[in-house]
Amino acid sequence: MVVAQPDGSVCEHPNLLMICRRGREFALPRPDELMPLPDESELFLLPGRLAVGLDPESGETVALDPADGLAVAAFVSPGHTLTAHPAFLLSKDPAKPPPVLPLFAYGAVGFWNERFYIAARRVDEDKRQIFKGIPPGRIRTIARQIMAQYPKNRLMQHLMARCALTYSCPAARNLCLGRFEAPLPISQACNARCVGCISQQEPGSHICVTPQNRMEFTPTAEEILEVMRHHARTEVRRPIFSFGQGCEGEPLTQAPLMVEAVHRFRAEGGRGTVNLNTNASMPEAVAELAKAGLTSIRVSLNSAIPELYTRYHRPQNYTFDHVVQSIRTARAAGIFVSLNLFYFPGITDSEAEITHLTRLIAHNGISFVQLRNLNIDPDLYLKLCSGIDTGPSTGLTHFRKRLRRACPWLGFGYFNPYVGSTAEIAAPMPPMPEDADE
């Protein structure tokens, strides 16, 4: 077990063992879920949270006094999915009530044999967001060169000055380096009010800080095309162009703009995977994008249980049924469909969730599941789940096995896969309404 001291230092507890949390359950980590803390991960002190460990002699859990150390979590580097959260109890000190934690993913972390271990598994071998060995100064220099090259392009200026240089956004840094996936944020507005939105919170939200600020303008189709052309020249092997980023709202609210940009890119011979990260709220817009030359979509959701989906995403003027219809529309049009599944240990891998996810994937032609960590205070999310009986959890390993057994074509990962300009799709075609009538 590790604890944080008041000065921010992290140390190993001399007597207590690490325990972790899956949903509302405290337990020892499973043998298959601990791994050395990967490079480019970070340790967090959890304010107002008492560290909880296991006394190996008595077999009882012990909550430390705040003077003896606070709970610690780890934010794991991209490509890894958490299998458990840290075990902690909220402080009862009325003078210092525990704050709602910022929007990060909090992994259970321990220490053994001179190194830290985290409850997580690597789910994608892609090196897309690994920057080890790349000097920060190199990225700064290239970003400034690109800004000088496109002085009138507001989108490129935003991606370089704000995303790459201010927020150290991995996607924007990759655009700098001319590799992998180019981000294409376009929308200021959103038609959902997600509890864990990382770019904008409503007035009165308990979440007082967001990791990013939403973009403050709408780019033109020509500005978008300039970014796409730049990336196509610098990433010549496997270029991906992705609408829908953390610094914006929902890109489907700017569907005509996307349709124009994608159509013009394809018309001038643009190749590569043109992808849309979306809440999939507008089936008609998805159909128009397919005609324009979209290759893939990644549909974000925390749950395939409609009630839990609605509690978290808080959709405005659309429902979970619209999401399903967008997925079916995309698959029928030859678009590769991924789920951007916000994984929360103890809930996402529960029996109820597996049942609903299996039905969603099998009946609607979904090809791939990206196992992204849900960035949220664990207690806040569990409050959202109150009253929904999700049943026992299986753990990440068995979760994947269950879905793969039911859907043998299904792929797993963390990043948007490169699928070429036109995807080859193994997922079965969903039955259309006229087929169902027959």
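The values are calculated or read from the model by the stated rules, or taken from the named source; none is laboratory data. Everything numeric here is computed off the predicted structure, so don't read it as measured data. Virtual Cβ from ideal backbone geometry, glycine too; neighbours counted across all protein chains shown.
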Review point. Taking the condition under 19 Å from residue 233 (Cβ atoms), touching a helix residue (DSSP H, G or I) at 6+ places or on another chain (Cβ under 9 Å) and either outside any loop (DSSP other than H, G, I, E, B) or modelled with pLDDT of 95 or more (or both), does residue 171 pass?
Key: yes
Check your understanding: Has segment 376-383 got at least one residue that is outside any loop (DSSP other than H, G, I, E, B), at pLDDT 95 or above and more than 14 Å from residue 85 (Cα to Cα)?
Key -> yes
Practice item. Restricting attention to segment 109-160, report how many residues are touching a His at 6+ places or on another chain (Cβ under 6 Å) and of a type in the set (A, V, I, L, M, F, W, C). Key: 1
Practice item. Could you tell me which of the residues 140, 121 is in contact with a Ser or Thr (Cβ under 8 Å, 6 or more places away or on another chain) and surrounded by 12 or more Cβ atoms within 10 Å (Cβ to Cβ)? Key: 121
Review point. Pick from segment 291-322 the residues that are in contact with a His (Cβ under 9 Å, 6 or more places away or on another chain) and more than 14 Å from residue 356 (Cα to Cα): which of them is surrounded by the fewest Cβ atoms within 10 Å (Cβ to Cβ)?
Key: 291
Review point. Do we find a residue being surrounded by fewer than 23 Cβ atoms within 10 Å (Cβ to Cβ), under 20 Å from the mean Cα position of the chain (by Cα) and within 18 Å of residue 369 (Cβ to Cβ) anywhere in segment 274-290?
Key: no
Check your understanding: Considering 352, 423, 362, 427, which residue is aliphatic (A, V, I, L, M), over 30 Å from residue 101 (Cβ atoms) and assigned to a helix (DSSP H, G or I)?
Key -> 362
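Picking from 143, 182, 171, 192, which residue would you name as being closer than 30 Å to residue 320 by Cα and outside the structural domain of residue 342 (by TED's automatic domain parsing)?
Checking each option against the conditions leaves just 171.
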Check your understanding: What pairs can you find where one residue is in segment 189-203 and within 17 Å of residue 385 (Cα to Cα), the other is basic (Lys, Arg) and buried (at least 19 other Cβ atoms within 10 Å of the Cβ), and their Cβ atoms are less than 8 Å apart, with a gap of 6+ or different chains?
Key -> 195/311
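Condition (residue is over 29 Å from residue 126 (Cβ atoms), within 22 Å of the chain's Cα centre (by Cα) and touching a residue at least 40 places away in the same chain (Cβ under 8 Å)) applied to segment 76-95: is it met by at least one residue?
no
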Review point. Which residues, counting only those in segment 106-118, are out of contact with any helix residue (DSSP H, G or I) (no Cβ under 7 Å at 6 or more places or on another chain) and either crowded, with 23+ Cβ neighbours inside 10 Å or not in a loop (DSSP other than H, G, I, E, B) (or both)?
Key: 107, 108, 109, 110, 111, 112, 115, 116, 117, 118
Exercise for review: Looking only at segment 223-233, decide whether some residue is more than 27 Å from residue 424 (Cα to Cα), in contact with a helix residue (DSSP H, G or I) (Cβ under 9 Å, 6 or more places away or on another chain) and surrounded by fewer than 24 Cβ atoms within 10 Å (Cβ to Cβ).
Suggested key: yes
Study note, to complete from the structure: Residue hits (segment 34-46; more than 18 Å from residue 21 (Cα to Cα) and not in a strand (DSSP E or B)) are 38, 39, 40, 41
Review point. Just to be sure, is residue 98 surrounded by 13 or more Cβ atoms within 10 Å (Cβ to Cβ), without any contact (Cβ under 8 Å) to a residue 60 or more places away in the chain and not hydrophobic (A, V, I, L, M, F, W, C)?
Key: yes
Point to revise | Residue among 238, 233, 264 that is more than 17 Å from residue 154 (Cα to Cα), basic (Lys, Arg) and touching a residue at least 60 places away in the same chain (Cβ under 8 Å) | key: 238
Practice item. For segment 325-349, enumerate the residues that are farther than 14 Å from residue 302 by Cβ, part of a loop (DSSP other than H, G, I, E, B) and of a type outside the set (Val, Ile, Thr). Key: 333, 334
Review point. Would you call residue 387 out of contact with any helix residue (DSSP H, G or I) (no Cβ under 8 Å at 6 or more places or on another chain), on the phi > 0 side of the Ramachandran plot and surrounded by fewer than 17 Cβ atoms within 10 Å (Cβ to Cβ)?
Key: yes
Exercise for review: Sort through 30, 49 and tell me the only one that's in a loop (DSSP other than H, G, I, E, B) and basic (Lys, Arg).
Suggested key: 30
